[in-house]
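Here, each number is a calculation from the coordinates, and none is a lab measurement. Treat the numbers as computed from the prediction; the structure is a model and nothing was measured. Counting neighbours? That spans all protein chains shown, and the Cβs are built from the backbone with ideal geometry, glycine included.
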Amino acid sequence: MKRVLNREDAVLVVVDVQERLVPAIDKDLYERSLKNFKIIIETAGTLGLPILLTEQYPKGLGRTVAPVLAALEGKSYGLLEKLTFSCARDEGFLSAVAGTGRRQVILVGMETHVCVYQTSVDLLNAGYEVFVLDDAVSSRFPHNYHSGIAALRDAGAAVVGTETAVFQMLKAAATPEFKKISSLLR
């Protein structure tokens, strides 16, 4: 049975949006992703979701790009550096997710067919519900993005758009949170 996102049970994970990786990413996929990173980060902050940010080998790939850091400004988040493709295979990640007390993981970031996919599979195998936002993940080549999305669905991840995730967590329109977040979706 598939469930919908519940803001009391969800954690946001932003995977590897780094300075030396971004120039290699398909431009259209990245621009769309960046817009949606900002929306889901603001939503997570407004609704009180824990946020985890990962960086793959920052010595080689650089730090998280400035626009993502700007979106995170003023929000509480955990930064985890890693060397493995799957976040969940690096020391500390699974304990950080478990430490949130939440069972749903929203994944956004790079690259769809590598780090996002492998992290999703490992989280699913660890008993988490995984929600990948298809308009907030990207790859170097469109083919890899599309094959990654198909593989994520085959693995059992819920693949939804950012707006779908946002409205699932908002639940109702007559709230201050809705007013704040709905302006980002225009």
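Could you say whether any residue in region 109-124 is of a type in the set (D, E, K, R) and assigned to a helix (DSSP H, G or I)? Within region 109-124, one or more residues are of a type in the set (D, E, K, R) and assigned to a helix (DSSP H, G or I). If you take the residues in region 9-34 that are assigned to a loop (DSSP other than H, G, I, E, B) and free of Cβ contacts under 8 Å to residues at least 60 places away in the same chain, which one is nearest to Leu184 (Cα to Cα)? Ranking the candidates gives Glu19 first.
Screening Val114, Val11 for residues that are within 25 Å of Ala155 (Cβ to Cβ) and buried (at least 21 other Cβ atoms within 10 Å of the Cβ) leaves exactly one candidate, Val11.
Applying a threshold of 9 Å to beta carbon distances and a minimum spacing of six or more residues, or different chains, the list of pairs starting in region 141-165 at a residue that is over 27 Å from Leu49 (Cα atoms) and ending at one that is surrounded by 15 or more Cβ atoms within 10 Å (Cβ to Cβ) and of a type in the set (Gly, Ala, Ser) reads His146/Ser139; Ser147/Ser139.
Where helices (runs of 4 or more DSSP H) fall entirely within region 35-106, those with at least 1 residues that are in contact with a Phe, Trp or Tyr (Cβ under 6 Å, 6 or more places away or on another chain) and more than 22 Å from Leu124 (Cα to Cα) are at 66-72. Within the group Gly60, Gly92, Gly101, Gly45, which residue is crowded, with 17+ Cβ neighbours inside 10 Å and of a type outside the set (Asp, Glu)? So the residue among Gly60, Gly92, Gly101, Gly45 that is crowded, with 17+ Cβ neighbours inside 10 Å and of a type outside the set (Asp, Glu) is Gly45.
Residues of region 20-35 that are under 19 Å from Cys87 (Cβ atoms) and touching a helix residue (DSSP H, G or I) at 6+ places or on another chain (Cβ under 7 Å): Arg20, Leu21, Val22.
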